[in-house]
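**Q** There's a structure below that I have some questions on.
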Amino acid sequence: MEANEAQIALDQIRQATEQTRRAVARSGIGWIFIIWGCVWFVGFLGSQILSGARAGVLWGVLDILGGVATAMVGIRTGRRVRSANAWRVPGLWLALMAYVGLLLWIAGPMPADRLILFITVGISFGFVFLGLWLAPALLWTGMALTALAILGWLVMPAYL
(Lines give C-alpha, C1' and ligand atoms only; values in the text may rest on other atoms or scores of the structure.)
Protein backbone atom coordinates (compact mmCIF):
# COMPACT_ATOMS: atom_id res chain seq x y z
CA MET A 1 0.00 0.00 0.00
CA GLU A 2 1.38 3.39 -0.94
CA ALA A 3 1.39 6.42 1.34
CA ASN A 4 -1.40 8.07 -0.64
CA GLU A 5 -3.63 5.00 -0.36
CA ALA A 6 -2.90 4.73 3.35
CA GLN A 7 -3.85 8.38 3.85
CA ILE A 8 -7.14 7.87 1.98
CA ALA A 9 -7.90 4.81 4.10
CA LEU A 10 -7.17 6.76 7.31
CA ASP A 11 -9.41 9.60 6.17
CA GLN A 12 -12.22 7.13 5.51
CA ILE A 13 -11.76 5.63 8.96
CA ARG A 14 -11.89 9.09 10.55
CA GLN A 15 -15.05 9.93 8.63
CA ALA A 16 -16.72 6.67 9.68
CA THR A 17 -15.69 7.25 13.29
CA GLU A 18 -17.09 10.79 13.24
CA GLN A 19 -20.36 9.67 11.64
CA THR A 20 -20.72 6.90 14.21
CA ARG A 21 -20.04 9.29 17.08
CA ARG A 22 -22.67 11.71 15.79
CA ALA A 23 -25.21 8.91 15.29
CA VAL A 24 -24.65 7.68 18.83
CA ALA A 25 -24.91 11.21 20.20
CA ARG A 26 -28.21 11.78 18.42
CA SER A 27 -29.77 8.39 19.13
CA GLY A 28 -32.44 8.87 21.75
CA ILE A 29 -31.53 12.48 22.49
CA GLY A 30 -34.78 13.80 21.01
CA TRP A 31 -36.83 11.66 23.40
CA ILE A 32 -34.69 12.77 26.32
CA PHE A 33 -35.28 16.43 25.43
CA ILE A 34 -39.02 15.78 25.26
CA ILE A 35 -39.02 13.93 28.59
CA TRP A 36 -37.13 16.65 30.43
CA GLY A 37 -38.99 19.44 28.69
CA CYS A 38 -42.21 17.94 30.05
CA VAL A 39 -40.65 17.47 33.50
CA TRP A 40 -39.53 21.11 33.62
CA PHE A 41 -42.82 22.42 32.21
CA VAL A 42 -44.94 20.54 34.75
CA GLY A 43 -42.45 21.26 37.56
CA PHE A 44 -42.27 25.01 37.00
CA LEU A 45 -46.02 25.21 36.42
CA GLY A 46 -46.60 23.25 39.62
CA SER A 47 -44.20 25.56 41.48
CA GLN A 48 -46.48 28.46 40.60
CA ILE A 49 -49.59 26.68 41.84
CA LEU A 50 -48.40 24.67 44.86
CA SER A 51 -46.91 25.80 48.15
CA GLY A 52 -43.18 25.37 48.92
CA ALA A 53 -43.18 21.85 50.42
CA ARG A 54 -45.70 20.48 47.94
CA ALA A 55 -43.76 21.96 45.03
CA GLY A 56 -40.66 20.21 46.36
CA VAL A 57 -42.48 16.88 46.48
CA LEU A 58 -43.75 17.46 42.94
CA TRP A 59 -40.21 18.14 41.73
CA GLY A 60 -38.94 15.02 43.48
CA VAL A 61 -41.59 12.83 41.87
CA LEU A 62 -41.03 14.42 38.46
CA ASP A 63 -37.26 14.01 38.72
CA ILE A 64 -37.63 10.32 39.58
CA LEU A 65 -40.07 9.77 36.70
CA GLY A 66 -37.79 11.70 34.33
CA GLY A 67 -34.78 9.71 35.47
CA VAL A 68 -36.58 6.38 34.98
CA ALA A 69 -37.85 7.43 31.54
CA THR A 70 -34.36 8.62 30.56
CA ALA A 71 -32.86 5.32 31.73
CA MET A 72 -35.42 3.42 29.66
CA VAL A 73 -34.51 5.45 26.57
CA GLY A 74 -30.81 4.87 27.30
CA ILE A 75 -31.27 1.12 27.72
CA ARG A 76 -33.34 0.90 24.56
CA THR A 77 -30.79 2.94 22.61
CA GLY A 78 -27.93 0.94 24.11
CA ARG A 79 -29.37 -2.26 22.64
CA ARG A 80 -29.10 -0.76 19.15
CA VAL A 81 -25.73 0.94 19.58
CA ARG A 82 -22.95 -0.97 21.29
CA SER A 83 -19.92 0.89 22.57
CA ALA A 84 -17.14 0.23 25.04
CA ASN A 85 -17.65 3.80 26.29
CA ALA A 86 -21.43 3.61 26.71
CA TRP A 87 -21.13 4.10 30.46
CA ARG A 88 -19.60 7.57 30.05
CA VAL A 89 -22.76 9.56 29.31
CA PRO A 90 -24.80 8.28 32.26
CA GLY A 91 -21.60 8.40 34.32
CA LEU A 92 -21.21 12.08 33.47
CA TRP A 93 -24.78 12.86 34.59
CA LEU A 94 -24.40 10.88 37.82
CA ALA A 95 -21.10 12.60 38.61
CA LEU A 96 -22.60 15.99 37.76
CA MET A 97 -25.58 15.37 40.05
CA ALA A 98 -23.26 14.30 42.85
CA TYR A 99 -21.05 17.38 42.46
CA VAL A 100 -23.99 19.78 42.18
CA GLY A 101 -25.39 18.23 45.36
CA LEU A 102 -22.00 18.55 47.06
CA LEU A 103 -21.65 22.19 45.99
CA LEU A 104 -25.17 22.93 47.23
CA TRP A 105 -24.26 21.37 50.57
CA ILE A 106 -21.04 23.41 50.76
CA ALA A 107 -22.83 26.64 49.80
CA GLY A 108 -25.49 26.08 52.42
CA PRO A 109 -29.04 27.41 52.38
CA MET A 110 -29.84 29.85 49.62
CA PRO A 111 -32.93 31.63 48.33
CA ALA A 112 -35.17 29.55 46.05
CA ASP A 113 -34.41 31.68 42.99
CA ARG A 114 -30.66 31.10 43.34
CA LEU A 115 -31.20 27.39 43.99
CA ILE A 116 -33.25 27.05 40.79
CA LEU A 117 -30.63 29.01 38.85
CA PHE A 118 -27.77 26.95 40.32
CA ILE A 119 -29.39 23.64 39.39
CA THR A 120 -30.33 24.88 35.91
CA VAL A 121 -26.78 26.09 35.24
CA GLY A 122 -25.42 22.76 36.53
CA ILE A 123 -27.63 20.85 34.08
CA SER A 124 -26.65 23.27 31.33
CA PHE A 125 -22.99 22.57 32.06
CA GLY A 126 -23.67 18.87 31.45
CA PHE A 127 -25.08 19.69 28.02
CA VAL A 128 -22.13 21.96 27.21
CA PHE A 129 -19.67 19.26 28.27
CA LEU A 130 -21.45 16.60 26.21
CA GLY A 131 -21.57 19.01 23.29
CA LEU A 132 -17.81 19.48 23.40
CA TRP A 133 -17.37 15.74 23.61
CA LEU A 134 -20.08 14.33 21.31
CA ALA A 135 -22.32 16.69 19.35
CA PRO A 136 -22.25 20.47 18.85
CA ALA A 137 -26.06 20.64 19.09
CA LEU A 138 -25.79 19.73 22.77
CA LEU A 139 -23.19 22.45 23.27
CA TRP A 140 -25.51 25.08 21.81
CA THR A 141 -28.45 23.72 23.81
CA GLY A 142 -26.49 24.04 27.06
CA MET A 143 -25.26 27.53 26.25
CA ALA A 144 -28.76 28.69 25.28
CA LEU A 145 -30.26 27.19 28.43
CA THR A 146 -27.64 28.92 30.56
CA ALA A 147 -28.17 32.27 28.85
CA LEU A 148 -31.96 32.03 29.16
CA ALA A 149 -31.78 31.01 32.82
CA ILE A 150 -29.47 33.88 33.73
CA LEU A 151 -31.46 36.36 31.65
CA GLY A 152 -34.71 35.22 33.28
CA TRP A 153 -33.13 35.45 36.74
CA LEU A 154 -31.86 38.98 36.07
CA VAL A 155 -34.95 40.32 34.29
CA MET A 156 -37.68 38.60 36.32
CA PRO A 157 -36.25 37.96 39.79
CA ALA A 158 -39.55 38.67 41.54
CA TYR A 159 -41.29 36.06 39.37
CA LEU A 160 -38.99 33.29 40.55
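The values are calculated or read from the model by the stated rules, or taken from the named source; none is laboratory data. Just so it is clear, the structure is predicted and the values come from calculations on it, not from any experiment. Virtual Cβ from ideal backbone geometry, glycine too; neighbours counted across all protein chains shown.
**Q** Count, please, the residues in region 132-152 that happen to be under 22 Å from residue 99 (Cβ atoms) and at pLDDT below 85.
**A** 3
**Q** Take the residues of region 112-131 that are within 13 Å of the chain's Cα centre (by Cα) and among the small types (Gly, Ala, Ser): which is nearest to residue 99 (Cα to Cα)?
**A** Among residues in region 112-131 that are within 13 Å of the chain's Cα centre (by Cα) and among the small types (Gly, Ala, Ser), the one nearest to residue 99 (Cα to Cα) is 122.
**Q** Step by step: first the residues of region 51-80, then only those that are farther than 21 Å from residue 123 by Cα and surrounded by 13 or more Cβ atoms within 10 Å (Cβ to Cβ), then the one that is modelled with the lowest pLDDT. Which residue is that?
**A** Checked region 51-80; the qualifying residue modelled with the lowest pLDDT is 78.
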